[in-house]
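Q: Have a look at the structure that comes next, please.
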Amino acid sequence: MDYHLIYDTSLTFIQMLTIAFLAPLASGVTKKTKALLQGRKGASIFQDYNDLRKWWQKETITSPFTGPIFLLAPFIYLLTAFLAAFLLPLAETGLRLADIFVFVGVLAVGRFFMVLASFDAATAFGGMGGSRETFVAVLIEPVLFLSILLLALRTGETTISGMMGVGGLELNVSGILACTAFFILLLAENGRLPIDNPDTHLELTMIHEGMLLEYSGRLLAIIHLASMIKSLLYILLFAFLFLPLDLPLAAKALLTTIAIAIMESLNNKLRLFKIQGYLLATAGLLLLAVVAQ
Amino acid sequence: MIHIKAEGLRGAANVLSHNGRNSLTAMFANDETPLGKGYAVYCLFEDKGEKDIKIVRAQLEPGNELEFPSLTPLFPAAAWYEREIYDLFGIKPLEHPDLRPLVLHEGFPKEFYPMRKTIPCDSHVAGKRDYPLAKAQGEGLFEVPVGPIHAGIIEPGHFCFSQAGEAVLQLDAKLFYTHRGIEKAVEGKSIGGALFMVERICGACSVANAVSFCQAVEKLSYAKVPRRAELTRVVIAEMERLYNHVGDTGNLCAGAGFTVPNAMGARLKEELLRCNEKIAGNRFLRGMIVPGGIHRTLKDEDAKIILAQLTRTENDYRLLTQVLNGQDGFLNRIQKTGIVRKKTAIDLAMVGIGARASGVGRDARKDLAYGIYSELAFDICTETAGDVEARLLVRIKEVAETIKIIRQALSLLAHEPETSICSEKLECRSYEGAWGISESARGSDLHWVMLDEQQNIYRLFVRSASYPNWPALPIAMQGEIIPDFPLVNKSFELCYACLDR
């Protein structure tokens, strides 16, 4: 029995649980900052824990028109989020698990199932949300791979741990361009303004939230937790690989969550069919970053 | 007032409309059978030149079929009024192009006409009828039903979108969900009792409704409203416009997901509502206006409170507009979105900001010069683009004008001697109609009142500002994409309660 393997696996396991445990806090910090920027007091930064507990205690109602995929999708979504949290090599271990393509792919599987589930109840809002989510995802993914290409070119590696071994971006033209571009991707990927508004009640404008309208109770709690984990994973990835600052990881992650709130307060939501131009500009930034390197 | 027989309605309407120069203000029916006169249909046209409203009364002879020639083919603005008349009185507009039910939903029995005098106000009815909505059909098209219950804390309304992908092909709205029958409920009530209910037709224009109603009653009595009362009415009415415009500016930003100015607008509105509470004892300025004048005068300290608040609001609102103007992404959302062309605004006889943003400079304060507005210096703000931005810009300009008006009225009020604030006695003529109008934040609110011999209400008709503007919303949405609907909708700031009167 390999003692190191057990040690590394349990350490990574602890890392996964820690990320899951801290995810609602990251979301809470963003919400609190947004409230302060709007001149409101806002709820406590621990409010998302209360919300999750509230949903967990509530009755779960499902539409009679839904099939098994509707019940299954939240669990798959959560599973992929946990798996991705497991793959992120933050803890110093000897494990070389994650190719970055696997990381992105695992999260894409979760999204795929959520989109399927959004169509399952056959409601107009769910379908609209699902089709828009796909539309945005199709635009995000090529740009995301471009950002990966940048890192791969820099480090000669496609595993996250390999990239991390070389170290994050440096504070130069290329670094700043890539940092800006990935930050925009982070917002887009996690349903933040200016692509999507996570705080709106206007169903007709919703993208990610539109897919969740049919969910309630525990299933809703699971989906929200998965979304929060996914969001924190992107924040950590950004803080680790793209933020060219010489600070501890926790400080960089905190800065990123606050930066998200500031960006959301400075911007309004884009017109739906302007998103492609916005992401095209992001791709342009990344190409420049590749060239500048 | 022109009296004609129902058959001659089109001819008379043509004459009164002055080749389309005068717009149709309202149309309603009145059950005068207890007076031995049968039913009558009244048409009101606004005559800008004479600053007056011209009325034609079309008599339906007792014993004849209950029908009259529809005006909708001539004036599209008549469409809703005539559908309502058919719903509530069972008087059929002949040749109406679209006589689907409007006010009464599926739960009402067929051939039930609630506004007829034979139906008691407390009737309980149940039945089944159809309420068809307009839908586009075809390969690949689908339908998005929204409401009547919405996620926000707003009133009920069902919107039926016919979609080709994200593009809106057609929109039909089903409204009047919580119709309260106030027009019926006030029948037989005293003037004071009716005023109490009139002020509660709509929270956002409760002063405007009270002013319109009181003006109509005052016309029936030749009562002279004291100057001090007229000035106070101006202050109160403009304070109402101010809090609405400021709040609506912030609400518009919610439609574009622009959170900071949205919160700013909410805060500024709240400050104004608290100021209202200080001067009137309630946040919506109710109970200030009574027939013949006002209920209580504004004292010097009230004026000080208002003036101090105006300065604060002016500065903060300027900051809000700067934030909006400095945001290209926001301007991109609101420009060329939800366009209402000038021709549409004229055809639908739109009022308020909806009309003024499309280049129709209609404002009852100038056009009909009611109250004391002719003595005050202010401008009518217009824009020509007819899009969301135009409606926002009109609103922003009007905030400045409104503040100007309040300051003028308060300074005139300060020099006004402490005279009576309400004319003593109201002796009103019975069985005679009179109208009153006032410009609310959303446009003109028109009331038409007829009293019986005990000075109680015989018939009250309310045409609120949202009524002629609602049909413009589906037109503004044609060719837009569905996620822009909340933004377009909020730019009009249409009111459900104003329909559910």
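Q: What average count of beta carbons from other chains do you get within 10 Å of the Cβ of residues in A:195-202? Don't skip to the end; give the middle numbers.
A: Working: counts 1, 1, 5, 1, 3, 7, 7, 13.
Taking the mean over all residues of the peptide, I get 5.
Q: Counting heavy atoms of the protein chains only and a 1.4 Å probe, report the per residue accessible area for the range A:3-292 as a whole number of Å².
A: On the way: 12350 Å² over 290 residues.
Here the per-residue accessible area is 43 Å².
Q: With the calculation restricted to Cα positions, what are the radius of gyration and Dmax of the range B:378-428 in angstrom?
A: 17.7, 49
Q: Taking N as the number of residues in the range A:140-293, what value does Rg over Cα atoms divided by 2.2 N^0.38 Å take? Walk me through the numbers before you get to the answer.
A: Values: Rg = 16.3 Å, N = 154, 2.2 N^0.38 = 14.9 Å.
Here the Cα radius of gyration is 1.09 times the empirical estimate.
Q: Oh, and also: How many Å² of accessible area per residue for chain B, probe 1.4 Å? Could you put the intermediate results ahead of the total?
A: On the way: 18750 Å² over 501 residues.
With all protein chains present, chain B gives 37 Å² per residue.
Q: Further question: How big is the dipole moment of the range A:3-292 about its Cα centre under a simple scheme where the beta carbon of each Lys and Arg is +1, that of each Asp and Glu is -1, and everything else is neutral? Debye, nearest 20, please. It would help to have the intermediate numbers written out before the result.
A: Working: 19 positive and 19 negative charges, 130 e Å.
The dipole of the range A:3-292 has a size of about 620 debye.
Q: Using a probe radius of 1.4 Å on protein heavy atoms only, what is the accessible area buried between chains B and A, both sides summed, to the nearest 100 Å²?
A: Numbers: alone 19830 and 13900 Å², together 31480 Å².
Looking at B and A, the buried total is near 2300 Å².
Q: Using only Cα atoms, locate the centre of the range B:310-348 and the centre of the range B:197-212, then give the distance between them in Å, rounded to an integer.
A: Rounded to whole Å, the Cα centres lie 26 Å apart.
Q: Can you list the lysines whose alpha carbon is less than 22 Å from that of A:Lys32, not counting same-chain residues fewer than 8 positions off?
A: Counting by Cα, and skipping residues close in sequence, A:Lys32 has these lysines nearby: A:Lys41, A:Lys54, A:Lys230, A:Lys252, A:Lys269.
Q: Placing one identical point scatterer on every Cα of the protein assembly as shown and ignoring solvent, what is log10 I(q)/I(0) from the Debye formula at q = 0.06, 0.09, 0.10, 0.11 Å⁻¹?
A: Taken in order of the listed q values, log10 I(q)/I(0) reads -0.47, -0.91, -1.05, -1.19.
Q: What is the ratio of the Cα radius of gyration of the range B:2-94 to 2.2 N^0.38 Å, with N the residue count, to two decimals? It would help to have the intermediate numbers written out before the result.
A: Values: Rg = 12.6 Å, N = 93, 2.2 N^0.38 = 12.3 Å.
Relative to the 2.2 N^0.38 Å estimate, the range B:2-94 comes out at 1.02.
Q: Take every DSSP beta bridge whose two residues both sit in the range B:54-163, then give the antiparallel share in percent to the nearest 5. Don't skip to the end; give the middle numbers.
A: Working: 5 of 8 bridges.
Bridges in the range B:54-163 are about 60 percent antiparallel.
Q: Let me know the mean shielding of B:142-153 by other chains, meaning the per-residue number of their Cβ atoms within 10 Å of its Cβ. Don't skip to the end; give the middle numbers.
A: Numbers: counts 3, 1, 7, 3, 5, 1, 0, 0, 3, 7, 4, 1.
Partner Cβ neighbours, averaged per residue: 3.
Q: Here is a follow-up. Would you pull out the residues with amide H under 5 Å of B:Ile53's amide H, same chain only if 5 or more places away, H placed 1.01 Å from N?
A: HN-HN under 5 Å from B:Ile53: B:Asp47.
Q: Return, for the Cα atoms of the range B:256-366, the radius of gyration and Dmax in Å, separated by a comma.
A: 18.4, 50
Q: Roll a 1.4 angstrom probe over the protein heavy atoms and tell me the percent of accessible area of the protein assembly as shown that is carbon or sulfur. Please report the intermediate quantities before stating the final value.
A: Values: 18760 of 31480 Å².
The value for the protein assembly as shown is 60 percent carbon and sulfur by accessible area.
Q: Specify whether the C-alpha gyration tensor of the range B:150-271 places it in the rounded, prolate or oblate class, a ≥ b ≥ c being the square roots of the eigenvalues: rounded for a/c under 1.5, otherwise prolate if a/b is larger than b/c and oblate if not.
A: oblate
Q: Cα convex hull of chain A: mean projected area in nm², to one decimal? Kindly include the intermediate steps, with their values, before the conclusion.
A: On the way: hull surface 63.3 nm².
Orientation-averaged projected area of the Cα hull: 15.8 nm².
Q: By the scheme Lys and Arg +1, Asp and Glu -1, what is the net charge of all other residues having a beta-carbon under 11 Å from that of A:Tyr234?
A: Working: positive: A:Arg192, A:Lys230; negative: A:Glu189.
So the surrounding residues net to +1.
Q: Still on this structure: What is the average number of partner chain Cβ atoms found within 10 Å of a Cβ in B:259-272? Walk me through the intermediate numbers first.
A: On the way: counts 15, 9, 2, 2, 7, 2, 0, 3, 3, 0, 0, 0, 0, 0.
Across B:259-272, the average partner-chain Cβ count within 10 Å equals 3.
Q: Work out the FRET efficiency for A:Phe75 and B:Asp316 from their Cβ-Cβ distance, taking R0 = 30 Å, and round it to the nearest 0.05.
A: Details: r = 49 Å, r/R0 = 1.63.
It comes out at approximately 0.05.
Q: Take the Cα of B:Val125, step 7 Å along the line toward its Cβ, and report every residue of the range B:183-201 whose backbone nitrogen sits under 14 Å from that point.
A: What the label zone holds, given the 14 Å backbone N cut-off, is B:184-185.
Q: Please go through the range B:198-243 and write out the chymotrypsin sites (Phe, Trp or Tyr not before Pro) that DSSP classes as loop and that have at most 16 other C-beta atoms within 10 Å.
A: Details: sites: B:Phe213, B:Tyr222, B:Tyr243; in loops: B:Tyr222.
Those that pass, being in a loop and sparsely packed, are B:Tyr222.
Q: For the range A:102-130 and the range B:421-485, what is the separation of their Cα centres, given in Å?
A: 48 Å
Q: Sorted by packing (mean other beta-carbon atoms within 10 Å per residue), highest first, where do B:437-445, B:334-342 land? Don't skip to the end; give the middle numbers.
A: Values: B:437-445: 27.7, B:334-342: 19.8.
Ranked by mean Cβ neighbours within 10 Å, highest first: B:437-445, B:334-342.
Q: May I pose another question? So how far apart, in nm, are the two label points at B:Arg283 and A:Glu157 if each is 7 Å from Cα heading toward Cβ?
A: It works out to 5.8 nm between the two label points.
Q: Shifting gears a bit: Quick one: Cα convex hull volume of the range A:167-219, Å³ per residue? Write out the running numbers ahead of the final one.
A: On the way: hull volume 5.6 nm³, N = 53.
That works out to 105 Å³ per residue.
Q: Could you sort the peptides A:262-271, A:52-61, B:56-65 by per-residue average Cβ neighbour count (10 Å cutoff), highest mean leading? All intermediate terms of the calculation are to be shown ahead of the outcome.
A: On the way: A:262-271: 20.6, A:52-61: 13.2, B:56-65: 16.2.
Peptide ranking by packing, descending: A:262-271, B:56-65, A:52-61.
Q: Take the alpha-carbon centre of the range B:233-251, take the same for the range B:350-366, and report the distance between them in whole Å.
A: The distance from the Cα centre of the range B:233-251 to that of the range B:350-366 comes to 16 Å.
Q: Sort B:357-364, B:172-179, A:253-260, B:297-304 by the packing proxy (mean of other Cβ within 10 Å over each peptide's residues), most packed first.
A: On the way: B:357-364: 23.0, B:172-179: 18.1, A:253-260: 19.6, B:297-304: 15.2.
The packing order, highest mean first, is B:357-364, A:253-260, B:172-179, B:297-304.
Q: Round to the nearest 0.05 the FRET efficiency obtained for A:Arg218 and B:Glu139 when R0 = 45 Å and r is the Cβ-Cβ distance.
A: Working: r = 40 Å, r/R0 = 0.89.
The formula returns an efficiency of 0.65 here.
Q: Taking every DSSP beta bridge with both residues inside chain B, roughly what % is antiparallel (nearest 5)? Please list the in-between numbers first.
A: On the way: 48 of 55 bridges.
Rounded to the nearest five, the antiparallel share is 85 percent.
Q: If you take the square roots of the eigenvalues of the alpha-carbon gyration tensor of chain B and sort them as a ≥ b ≥ c, do you get rounded (a/c under 1.5), prolate (a/b over b/c) or oblate?
A: oblate
Q: With r defined as the distance between the Cβ atoms of A:Trp56 and A:Asp199 and R0 fixed at 25 Å, what FRET efficiency is calculated, to the nearest 0.05? Display every interim value, and only then the final one.
A: Working: r = 21 Å, r/R0 = 0.86.
Efficiency, from the Cβ-Cβ distance: 0.70.
Q: Separate question: Based on the alpha-carbon gyration tensor of the range B:201-321 and its eigenvalue square roots a ≥ b ≥ c, which shape applies: rounded if a/c is under 1.5, prolate if not and a/b is larger than b/c, or oblate? Spell out each step's value before the answer.
A: On the way: a/c = 2.95, a/b = 1.83, b/c = 1.61.
Since a/c reaches 1.5 and a/b is larger than b/c, the shape of the range B:201-321 is classed as prolate.
The values are calculated or read from the model by the stated rules, or taken from the named source; none is laboratory data. Remember, predicted model here, so these are calculated numbers, not experimental data. Here Cβ is always computed from backbone atoms with ideal geometry, including for glycine, and neighbour counts include all displayed protein chains. Side chains included, ligands, DNA and RNA excluded: accessible areas come from the protein's heavy atoms. Shrake-Rupley method; radii C 1.70, N 1.55, O 1.52, S 1.80 Å.
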